[in-house]
Amino acid sequence: MENKEDLYQKAQLRLTDYLEARRMRKTPERYEVLKTVCQMRDIFTIDQLADQMQEGASFCVSRSTLFNTLEIFAAAKLVIKHNLIRASLYECNIEPQPRACLVCEHCGMVRRLDKIEVTEYLSGIKARQFSVLQPVLYLHGTCRKCAMIMIRANSKKKKKS
Ligand SMILES: [Zn+2]
């Protein structure tokens, strides 16, 4: 694991290459957002990123700037955008690796499943007439919190009847 500083250095170079190649502006906002993205440990929402920006960044950016910047980062493959039914979530992708995500069907929680065997399996997948660039696997189900709520609701129903 590299530290956050090294990660940001790497990300910064890749963003600069991407923007220069497309003659896009290298605004300080874009780099500030990138720095904050590098600090995000897990999958995050745009709200969580905005909160983190408020705490640590040297200036504030509007929500629409955040959204647009994340779109650029996703196109530049600096972040992964998880387009799920309930929301769009993002994840730092400066060092791309196969990933599996647990998605709760009830509350929308999304969490990384860090299991070596899954990562190895995903990186070994080959498909005919298709080149896999970014192996991402979604496992839909019920999180523990929602399962507990359902069990409690069911037992209340049983008591009443
Ligand atoms: Zn849940």
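Does the stretch 23-42 contain any residue that is surrounded by 18 or more Cβ atoms within 10 Å (Cβ to Cβ), within 21 Å of Gln97 (Cβ to Cβ), in contact with a Cys (Cβ under 7 Å, 6 or more places away or on another chain) and free of Cβ contacts under 8 Å to residues at least 60 places away in the same chain?
Yes, the conditions are met somewhere in the stretch 23-42.
On the given criteria, is Glu95 out of contact with any Ser or Thr (no Cβ under 9 Å at 6 or more places or on another chain) and assigned to a strand (DSSP E or B)? Full working, then the answer.
Details: out of contact with any Ser or Thr (no Cβ under 9 Å at 6 or more places or on another chain): yes; assigned to a strand (DSSP E or B): no.
The answer is no for Glu95.
Do we have Ala57 as surrounded by 12 or more Cβ atoms within 10 Å (Cβ to Cβ), at pLDDT below 90 and within 27 Å of His140 (Cβ to Cβ) here?
For Ala57, the condition - surrounded by 12 or more Cβ atoms within 10 Å (Cβ to Cβ), at pLDDT below 90 and within 27 Å of His140 (Cβ to Cβ) - is not met.
For the stretch 47-65, indicate whether the set of residues that are of a type outside the set (A, V, I, L, M), in contact with a Leu (Cβ under 8 Å, 6 or more places away or on another chain) and under 22 Å from Glu5 (Cβ atoms) is non-empty.
No, the stretch 47-65 has no match at all.
Does Glu91 satisfy being surrounded by 18 or more Cβ atoms within 10 Å (Cβ to Cβ), modelled with pLDDT under 95 and either of a type in the set (Lys, Arg) or not assigned by TED's automatic domain parsing to the domain that holds Glu120 (or both)?
Judged against the criteria, Glu91 is a match.
Restricting to the stretch 93-120, name every residue that is among the polar types (S, T, N, Q) and out of contact with any strand residue (DSSP E or B) (no Cβ under 8 Å at 6 or more places or on another chain).
The answer is Gln97, and nothing else.
Among the residues of the stretch 101-129, count how many are open to solvent by less than 70 Å² (accessible area, probe 1.4 Å) and assigned to a strand (DSSP E or B).
Total meeting the criteria: 8.
Mind checking which residues of the stretch 141-159 are surrounded by 10 or more Cβ atoms within 10 Å (Cβ to Cβ), under 27 Å from the mean Cα position of the chain (by Cα) and not β-branched (Val, Ile, Thr)?
Scanning the stretch 141-159 gives Gly141, Cys143, Lys145, Cys146, Ala147, Met148.
The values are calculated or read from the model by the stated rules, or taken from the named source; none is laboratory data. The shown structure was predicted, so the numbers you read here are calculated from the model rather than taken from an experiment. Note: ideal-geometry Cβ built from the backbone for every residue, glycine included; neighbour counts use all protein chains shown. We work out accessible area using only protein heavy atoms, side chains counted, and drop any ligands, DNA or RNA first. Shrake-Rupley method; radii C 1.70, N 1.55, O 1.52, S 1.80 Å.
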